[in-house]
Each structure stands twice: as structure tokens, then as C-alpha cells.
1. Are there any pairs, at least 6 apart or on different chains, whose C-beta atoms fall under 9 Å, with the first in the range 117-141 and surrounded by 15 or more Cβ atoms within 10 Å (Cβ to Cβ) and the second among the β-branched types (Val, Ile, Thr) and in a loop (DSSP other than H, G, I, E, B), and if so, which?
2. Look through PRO137, PRO126 and report the one residue that is more than 18 Å from the chain's Cα centre (by Cα) and either over 16 Å from PRO188 (Cβ atoms) or among the aliphatic types (A, V, I, L, M) (or both).
3. Taking the range 336-354 on its own, how many of its residues are in contact with a helix residue (DSSP H, G or I) (Cβ under 6 Å, 6 or more places away or on another chain), buried (at least 24 other Cβ atoms within 10 Å of the Cβ) and of a type outside the set (Phe, Trp, Tyr)?
4. Being of a type in the set (Gly, Ala, Ser), in a loop (DSSP other than H, G, I, E, B) and surrounded by 21 or more Cβ atoms within 10 Å (Cβ to Cβ) is the filter; apply it to the range 1-44 and report the residue that is modelled with the lowest pLDDT.
5. What is the number of the single condition among (1) surrounded by fewer than 18 Cβ atoms within 10 Å (Cβ to Cβ); (2) touching a Leu at 6+ places or on another chain (Cβ under 6 Å); (3) not aliphatic (A, V, I, L, M) that ASP174 does not meet?
6. Go through (1) without any contact (Cβ under 8 Å) to a residue 24 or more places away in the chain; (2) acidic (Asp, Glu); (3) in a loop (DSSP other than H, G, I, E, B) one by one and return the number of the condition ASP239 breaks.
7. I'd like to verify a number: residues in the range 313-330 that are touching a residue at least 40 places away in the same chain (Cβ under 8 Å), out of contact with any Ser or Thr (no Cβ under 6 Å at 6 or more places or on another chain) and surrounded by fewer than 20 Cβ atoms within 10 Å (Cβ to Cβ), how many?
8. Among the residues of the range 177-200, which ones are free of Cβ contacts under 8 Å to residues at least 40 places away in the same chain and either touching a Leu at 6+ places or on another chain (Cβ under 6 Å) or hydrophobic (A, V, I, L, M, F, W, C) (or both)?
Amino acid sequence: MRSDGGVTAARGDGGMATALEMARCASAWLDSLREEQRALAVSTGPAPGDPAEDDRLTWFFTPTDHGGLTLHEQSPRQQSLAMQLVSSALSLEGFASVSAIMGLENVLDRLESWRVDWGRERGRDPQLYYLRVFGRPGQEGTWAWRFGGHHVSLNVLVVDGRVASMTPNFLGADPAETSFVGGEVLRPLGASEDLARELFSSLSGAGRRQALLLDRAPADIVAGNRTFIDDGDVMPRMDAVWRGPLDEPRLAGYIAAIHEREEDRSGYTAEDYAVLSLTRTPKGIIGADLSPDQRTLLQRLIATYTHRVPREIAEEYDAFYRVSANLDSLGFAWAGSSAVGAPHYYRVQGPRILIEYDNTQRLGNHCHAVWRDPVADFGLDVLYAHVSVFHRPAGDVAPWPVPASGGRA
């Protein structure tokens, strides 16, 4: 295990058992598909210069077209095989979270009085999740796959029988908290919120002032669904995180109204967005300035993201952040209120990690939680050895194509 900012599992040196299971599940799913299904489910690549790379690097967390074969375009048996592939990239707890988030589409449909259709026969649809495989699954060569839909985006790269990348990894929940009969509640991402609030609330004096960027929360995560994370990035408009513009005025107006409502709530100005912008140097309080108990809280918080993936890979991250030097360099930042139920946002950032969480929309009951690797998202550091994102000199052109928008990929 290195202490130079590189996590072994994220660099293609681990995850052999996971990669083997992924290849088995992907092959079984692909073998079950008819020719017309394969046209949507299979793509070429991943490889530098391959036309399909533009699609592979395009990801979403909105209820837009994610690219691939949807669950409702598959038979029950094919759906089972698809979910087995999804499960292979997740711990049991991670898979339970994804399954609950998908099921919340039914609850959201009711909360919205069944009226939000997004121009489709059903707008909130627990089967409108897309799966696509890039390349040929196996223990040699390079292949990848993506599973995504509303509030779920899993992006995996496998190189020579080892998991090279599992980020971006996005989960969200709307509603973030749902009540059951008898008073029990469902909170798929509750631990990611509670531990961060506990950490922020434990700060006082200068430490609290250092961590608190603004007393108001932004409307969404700052990086959005960008492929590359660049110095100075600010939160995009909500209509920018869809596959192309919504041509129907009714739908475009609906998205614009949500954005404007959240803008009014936050009261953010251009100066406020600059305060929350992503920068090479992490904002907030750094791990080196935390007490031992606070450092333990930070480790536990990170684990609510890294433990989404199978144990053999999650343990690599646990070991990495037990190294003091790796924890020292992390920044923890907060925006908004620390009161339970109030809109808030936080960020954990280091050389090889960017975590963003917001619970702001629907009056603080709609959350987004993303885990990224600024250097190795999509396995860019493996396929392009000289790629650097945060450390790319200002003005340089990214060596990867910028994902295009529009149409079904």
C-alpha cells in the first residue's frame, strides 16, 4: 500500500476475484440477448481513439437516457442476469442501497401525483435503468460496463483481469427519508449524512470556521456529471445534466422552474459559487488539523462510500486511509445548516478522492452522494498513462474527447 496518493485497488492492482465474477456475469447476460437487444447493450472499446469512448465517458444521474439496454426491454430472466452483473460491482450493503433507490421511483411517482412523465409513457420508472458493456468481457485485455438511471450511476473498467476503476460512483435518493407504518424510516444514504453532520458538529472555533464555506447550501453537487474535474468548476445548471436539451417546452420549463426555485432558495451569487468552486487545493479543514476522534469520524464517513463496492476492494481503501499521511491531506468542507432536516452540502477531497453530498432539494429530503477519483475516473490513468485532471496545466486541452450530447447513444 503506497502513501503517495494512489490507492492500489484503483490502479488496477487488485480486485481479481471481483473482475472474474464481473466477466462471468457479463458474459451470461450478453449470451442471453437477442440481436436487436445487443445493438443497444454492446459497444466497442474501451480504447484510446475508439468512437465509443465518447459514450463511455458520458454519465448521468438524472432520469434521462443513460445509454444502453433498459431493464424493461428485457425478459425476467435477462433482468435477473443484468442485476447479477450490477451486484458483482457492489457489496451486499451497496446492492441493497441501489435496489432501494431504484424502488423509490414508485414512491416518488406517488409524491408527484403520478404527473411527471418526462415525455415518456412513465416518467418515474423503477425499470428505466440502462446497462451497457464496452468491449469483450474476459480475463485478458480491457473491457468496461456501465449501469445507470435516475440516482444511480456505476462505471467500471477492467484491465487484464483486474478492476482498474469503479468511479464515478453515484447514488441518490428521492425522498431521502421515507416513513414506514409503525414509525420506521428508510434512509438509503442516511449514514453518509449523519456521520458528516457529526464530524462538522464536533468542530468548534477556528476549525469550524475553516470547514464552513457558506451558511447556505447549493442546489446540487458542484462537479455535476462532468467527465473531467477542473480547477474552478462551479455548479452547473440542472438542465445541463441531461442528455441534450429537452425539446418539448413543457419539460424544459419544468426543469428550468426547479432550477430557479432552488436558486431562489439558496440565494447564491456568482461570488458564492466561486467560494464553493472546486480547486486543486482542497477547501475546508484538513485531516491533519482534526483530533483523533474526528479523524476516525472522517475515516468512517469515507467508508460509507468506498464500502459500496466488494470487500476485497473496499479493504484496500480502508488500509489506504489508515495511513496518517493519506488522511492528513484530505479536506472536509460544509455549506448550509447543521440542523437535521435543513438543506446542506459537504465535500471530502484529496489527491485521489472527491466526495460530494447534497441534501437540498424537496426542502432537504432529496439527496445526491457521489464518489470520484480526480485522476482515475473511468480508468483514465490506466488507458492514458499521462492523463492528469486536477494537475493539468491551466489552458491545456484535455487529451480525451469531450462527451457529446443529444440522441440515444
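The values are calculated or read from the model by the stated rules, or taken from the named source; none is laboratory data. As the structure is a computational prediction, the values presented were derived from the model and not from experiment. So basically every Cβ, Gly included, is an ideal-geometry build from the backbone, and we count neighbours across all protein chains shown.
1. As it stands, the answer is TRP118/THR64; GLY123/VAL116; ARG124/VAL116; PHE134/THR44; GLY135/THR44, since those pairs meet every condition given.
2. Values: PRO126 fails: either over 16 Å from PRO188 (Cβ atoms) or among the aliphatic types (A, V, I, L, M) (or both).
Of PRO137, PRO126, the one residue that is more than 18 Å from the chain's Cα centre (by Cα) and either over 16 Å from PRO188 (Cβ atoms) or among the aliphatic types (A, V, I, L, M) (or both) is PRO137.
3. Looking only at the range 336-354, we keep the residues that are in contact with a helix residue (DSSP H, G or I) (Cβ under 6 Å, 6 or more places away or on another chain), and these are 338, 341-343, 346.
Next, from what is left, pick out any that are buried (at least 24 other Cβ atoms within 10 Å of the Cβ): 343, 346.
Now narrow it down to the ones that are of a type outside the set (Phe, Trp, Tyr): 343.
Here the count works out to 1.
4. So in the range 1-44, the residues of a type in the set (Gly, Ala, Ser) come out as 3, 5-6, 9-10, 12, 14-15, 17, 19, 23, 26-28, 32, 39, 41, 43.
Retained after the next criterion (residues that are in a loop (DSSP other than H, G, I, E, B)): 3, 5-6, 12, 15, 32.
Checking the rest, the ones that are also surrounded by 21 or more Cβ atoms within 10 Å (Cβ to Cβ) come to 12, 15.
Values: GLY12: 42, GLY15: 90.
Checked the range 1-44; the qualifying residue modelled with the lowest pLDDT is GLY12.
5. All conditions are met except number (1).
6. Failing condition for ASP239: (3).
7. Residues meeting the conditions: 3.
8. Step one: of the range 177-200, the residues free of Cβ contacts under 8 Å to residues at least 40 places away in the same chain are 179-185, 187, 190, 194.
Hits for the range 177-200 are PHE180, VAL181, VAL185.
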